[in-house]
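The values are calculated or read from the model by the stated rules, or taken from the named source; none is laboratory data. Because the structure is a prediction, the values reported are computed rather than measured. With ideal geometry, Cβ positions are generated from the backbone for all residues, glycine too; neighbour counts draw on all protein chains shown. Each accessible area value is taken on the protein alone, full model and side chains, heavy atoms only, with ligands, DNA and RNA left out. Shrake-Rupley method; radii C 1.70, N 1.55, O 1.52, S 1.80 Å.
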Amino acid sequence: MLRFKILASALPLIVAAAFARGELLPGPRPCISIGEASVQIAELPWQAQLHVSFTSDPRAATVRVQIADSADAADFAVVDDAGSAEAGACEANAATQLVAISAARSVSAPAIYLSHDGPADYRIFVRSKTFSVRDAAALIVGANGGHRRLQAASL
């Protein structure tokens, strides 16, 4: 009977630990590999090293991302209709940076403005079942530490 009471009292702690780590039901999250490191959309906001938000006001944006019409016109392209992903192409490791998309704008976090035309720091092309345009924009901005590209920032 004592063993049952110990188990019953420990079970909520085990469940809470699983939720805190965010790995109760792990699923694939958008991720890109850059050399030995990778950038991935965080499953839970408090896990992320970088938070980004999106704005519909180009004047409030700190980073502008243009949605390109073709992969050739883009700096970063996501196309996942080739069958299957390369095994181990984007595995989480100690160098993985997690990025969270925040609903509210923070002064210290990058604010991304998505558009189909106009000046842009980055150009992306997305044709994917797993990546949204917002995911791809957050990942490319996260891969660069939330900063504008140097040549675009000097304009």
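Quick notes
- Of the residues making up region 122-139, those that are touching a Ser or Thr at 6+ places or on another chain (Cβ under 9 Å) and over 20 Å from GLU43 (Cα atoms) are PHE125, VAL126.
- When restricted to residues that are more than 14 Å from the chain's Cα centre (by Cα) and either surrounded by 14 or more Cβ atoms within 10 Å (Cβ to Cβ) or assigned to a strand (DSSP E or B) (or both), region 127-148 contains 3.
- VAL99 being modelled with pLDDT of 90 or more, in contact with a Pro (Cβ under 6 Å, 6 or more places away or on another chain) and open to solvent by less than 40 Å² (accessible area, probe 1.4 Å): no
- The listed residue being touching a Pro at 6+ places or on another chain (Cβ under 8 Å) and among the acidic types (Asp, Glu), out of ASP121, ASP135: ASP135
- Of all residues in region 64-84, those being in contact (Cβ under 8 Å) with a residue 24 or more places away in the chain and more than 16 Å from HIS116 (Cβ to Cβ) number 4.
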